[in-house]
Amino acid sequence: MMKRKTKILLSLVPFVLLAAISAVLAWSLVGNDQTAPVEPPMIGKKLPHFTLTTLDSAHPTFSSHDIKEPFALVNIFATWCTPCRAEHGLLVQLSKLNGIPIYGIAYKDKANDIKAFLSEAGNPYKQVGLDLDGRTGIDLAITGAPETLLVDKEGIIRARIVGPLTPTSYHDQVMSIIKKSH
């Protein structure tokens with residue numbers, strides 16, 4: 001009888017361990033009230049230095065030092081990226097409506113594809129740098145395309161929009177910061 005009880009108890013050990021591990025994992029996923037909100041990468045930090053080749057033979061390079069306006073948007077995009085294409089019309093509108101320049105960084109894309117796309121869909125960018133190997137994207141800590149950064153005249157990243165820019169994200173995350181600065 002004792003051997004049978006021991007055998008039954010030993011057969012329950014894996015289930016008890018699994019339940020304990022599950023409880024710990026669930027607690028870590030849910031977190032607790034003492035965890036601070038996670039700030040998006042690079043917010044409040046200086047835009048990392050980069051120098052990229054461009055599509056424009058008159059201005060063959062585009063660098064982080066070229067961004068000198070009080071505020072500018074840096075849009076990481078690619079022609080192969082469906083969400084990038086979805087946000088493109090808004091970028092074209094914004095480039096015509098207000099004085100906030102938009103710089104583009106073409107992420108892991110081909111120059112000919114970019115030229116054809118911008119020729120067809122319109123070019124909202126003051127300058128487009130080619131991040132052919134993705135190194136600048138890594139330095140900017142992007143998670144993918146599209147992403148848009150709001151950079152101030154000191155080169156500090158003030159906002160980061162992950163995914164397609166929308167009228168709402170533009171108003172809430174870009175314009176609200178610009179209005180607060182005035």
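Read the figures in this text as sums done on the coordinates, not as results from a lab. As the structure is a computational prediction, the values presented were derived from the model and not from experiment. Methodologically, a virtual Cβ is constructed for each residue, glycine included, from the backbone with ideal geometry; neighbour enumeration extends over all protein chains shown.
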Non-local amide H neighbours of Phe50 (under 5 Å, H modeled in plane, Pro and chain starts lacking H): which ones? Ser64, His65
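For segment 63-158, count the residues as N, evaluate 2.2 N^0.38 Å, and divide the Cα radius of gyration by that value, please. Mind dumping the intermediate values first?
On the way: Rg = 12.5 Å, N = 96, 2.2 N^0.38 = 12.5 Å.
For segment 63-158, the normalised Cα radius of gyration is 1.00.
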Around Ser169: net Lys/Arg minus Asp/Glu count, Cβ-Cβ under 12 Å: -2
Taking Rh as the Kirkwood radius computed over alpha-carbon pairs of segment 84-126 and applying Stokes-Einstein at 20 °C with viscosity 1.002 mPa s, one gets a diffusion coefficient in µm² s⁻¹ of 197
According to the square roots a ≥ b ≥ c of the eigenvalues of the Cα gyration tensor, what is the shape class of segment 57-101, taking rounded for a/c under 1.5, prolate for a/b larger than b/c otherwise, and oblate for the remainder? oblate
Output wanted: per-residue J couplings in Hz (rounded whole) for segment 89-99, from phi through Karplus 6.51 cos²θ - 1.76 cosθ + 1.60, θ = phi - 60°, x for Gly and Pro. x, 5, 4, 4, 4, 4, 5, 8, 8, 9, x
Pop a pseudo-label 7 angstrom from the Cα along the beta-carbon direction at both His49 and Thr143 and give the gap in nm to one decimal. 3.0
